[in-house]
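Student: My structure is below; once you've seen it, I'll send some questions.
Computed from the coordinates by the stated procedures, all read-outs in this text should not be read as laboratory data. None of these values were measured; they are calculated from a predicted model. Don't worry about glycine lacking a Cβ; one is built from the backbone with ideal geometry, like all the others, and counts go over all protein chains shown.
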Amino acid sequence: MILILTMSFATSVAFATGIVVNPKVLEAFRKEFVNVQEVKWSEGPDYCIAQFIYNGQSVRAYYNNSGESLGLFRYISPLNLPVNLQLSLKKRYGSFWITDLYELSKGGGANYIITIEDADESVMLRAASDSDWVQFKSVEK
């Protein structure tokens, strides 16, 4: 019965997105997420991505071809950053504005990637919730 349900779900997903989702990935996704909406699948060379709505937020879940979770990705508000990262950002980059901010999580830990800009430059930073921002890209305008 479970196999039939899994196969029918995989078939409906395949028709909805144009790809056939690996059954191991599909099973892992269904175990991890219940009551999600608007699931759309895409794939990379060695992974699958499920983009969906969970608790009103757009989330992307990445899985390898064995069905192992590689992590979750979601856009967040600056107000959802840990306070230490908010304070550090304001202190070091007070004249910049935020153009993009997202959280990557895996195994209970979270990392943050942010793009900030001022009139002359665009900067990308990353940080873990218990560390400080590290610049990894800067582009002059």
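Student: Quick check: pseudo-label points 7 Å beyond the Cα along Cα→Cβ at Tyr102 and Val34, how many nm apart are they?
Tutor: Simple spin-label model gives 2.8 nm for this pair.
Student: Kirkwood Rh and Cα-based Rg: tell me the resulting Rg over Rh for the range 78-140, rounded to two decimals.
Tutor: That ratio is 0.96, to two decimals.
Student: Follow-up. So how far apart, in nm, are the two label points at Asn80 and Asn55 if each is 7 Å from Cα heading toward Cβ?
Tutor: 0.9
Student: To continue, here is another question. Which of Val20, Val139, Ile98 sits closest to the plus end of the dipole of the chain, meaning its Cα is farthest towards the positive end, when Lys and Arg get +1 and Asp and Glu get -1 on the C-beta?
Tutor: Val20
Student: Still on this structure, I have one more. What is the list of residues in the range 104-141 whose amide nitrogen lies under 18 Å from a point 7 angstrom out from the Cα of Leu87, following Cα to Cβ?
Tutor: It comes to 127-134, nothing else.
Student: Mind jotting down a quarter of the surface of the convex hull over the alpha carbons of the chain, in square nanometres, one decimal?
Tutor: So the Cα hull casts an average projection of 10.2 nm².
Student: Now a separate question. How high is the relative contact order of the chain, given as a whole-number percent (alpha carbon pairs under 8 Å, six or more residues apart)?
Tutor: Relative CO of the chain lands at 13 percent.
Student: Taking only Cα atoms and a 10 Å spring cutoff, compute GNM fluctuations for the chain and point out the largest among Phe33, Phe52, Phe73.
Tutor: Phe33
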